[in-house]
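First comes the structure, then the notes that go with it.
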Amino acid sequence: MEYQITKRGAELFAPVQFDLVNTFECGQCFRWTADDDGVYSAVVRGRYIRLYRDGDIVVLEGADEQSIEELWREYFDLDTDYEDLRQEMVRLCPLLDKAAAKLNGIRILYQEPWEALCSFIISQNNNIPRIQGIVSRLCEGFGEDTGNGFSFPAAERLSKLEPDDLAPLRAGFRARYIIDAARKCAEGSVDLEKLKTAPIEDARKELMTITGVGAKVAECTLLYGLHRMEAFPIDVWMKKALKDEFAGITPEMLGHTAGIAQQYIFHYTRNSK
């Protein structure tokens, strides 16, 4: 995706491929918030960023060429043509055409692997406002103050804690899971960096050695934190969708477009309700 640097920051020429609402509110992330003017902001890998749309341009306020190349190009997956990906997805499975037409512009964010793992542990049996609240309290309590919000606390930081130390988060049974995940990642028995390129079945199995991490959390970590685009998380929304409106669709028929297809199905189904 092309960009230029102006006084207001990096400007992406993205008339179709980057819809901020569909990307940030499709259930893949929990730290992006929008103000009344539709400006989204978050702390990503310790850096504060604001985004807004101006016609056919997406403005990354304050971003410069160095931060684009060091962080934002990967995080927003700017080198992937999502329009081509969307068209290929529909070609492989025409049943997805209605979802792809309605929710065009979803991008799969390349989130920090530990943040994705921890966030989706928190997401279990939870709703998005509560997930966002727990994640926010986790960052405020144990992250670093950037001056514009708090960074996500490192696994090494949390690994030194006990579940009771997380009581202020009001995370309930998930506190024990968070601490176990932090310890396994900090000590290296779960090597998130290695799982970016490991055979995906091996990656699933390793993630599921963490207490409380089942198939859904493992799959979310693979897709949103490790950018394994063949991953296909299934929760109650997806089970219903694959039984009813999108019956017959399997991740195997979608190949490397499975991850983006999952987001279209999930967001379409949830919005329909």
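None of the figures in this text is laboratory data; all of them are computed from the coordinates on show. Here the structure is a predicted model, which means the values were calculated and not measured. Please note: Cβ atoms are built from the backbone with ideal geometry, for glycine as well, and neighbour counts cover all protein chains shown.
Run the numbers for residue 92 and residue 160: contour at 0.36 nm per residue of separation, minus the present Cα-Cα distance, in nm.
19.8 nm
Taking other Cβ within 10 Å of each residue's Cβ, how do 97, 77 sort, fewest first?
Values: 97 14, 77 20.
The fewest-first ordering by Cβ neighbours comes to 97, 77.
Could you compute the net charge surrounding residue 138? Neighbours are other residues with a C-beta less than 13 Å from the C-beta of residue 138; K and R count +1, D and E count -1.
+2
What 222 nm value per residue comes from the helices of the chain, counting each DSSP H run with n ≥ 4 as -39,500 (n - 2.57) and dividing by all residues, nearest 500 deg cm²/dmol?
When only DSSP H runs of four or more count, the value is -11000 deg cm²/dmol.
Taking the Cβ of residue 115 as the centre, find all other residues whose Cβ is under 11 Å away and add up their charges (Lys, Arg: +1; Asp, Glu: -1). Numbers along the way, then the final one.
On the way: positive: 31, 45; negative: 112.
Value of the local net charge: +1.
Which cross-chain or sequence-distant (5 or more) residues have an amide H under 5 Å from the amide H of residue 146, H modelled 1.01 Å from N in plane?
Correct list: 151.
Could you order peptides 3-14, 148-159 by the average number of other Cβ atoms within 10 Å of their residues, highest first?
Final packing ranking: 148-159, 3-14.
Got a sec? How would 135, 16 order by Cβ neighbour count within 10 Å, fewest to most?
Least to most surrounded, the residues fall as 16, 135.
Once amide H atoms are built 1.01 Å from N in the peptide plane, which residues 5 or more positions from residue 10, or in another chain, come under 5 Å H to H?
Correct list: 60, 62, 63.
So which of 160/196; 102/240; 184/205 end up more than 24 Å apart by C-alpha?
Beyond 24 Å between Cα atoms: 160/196.
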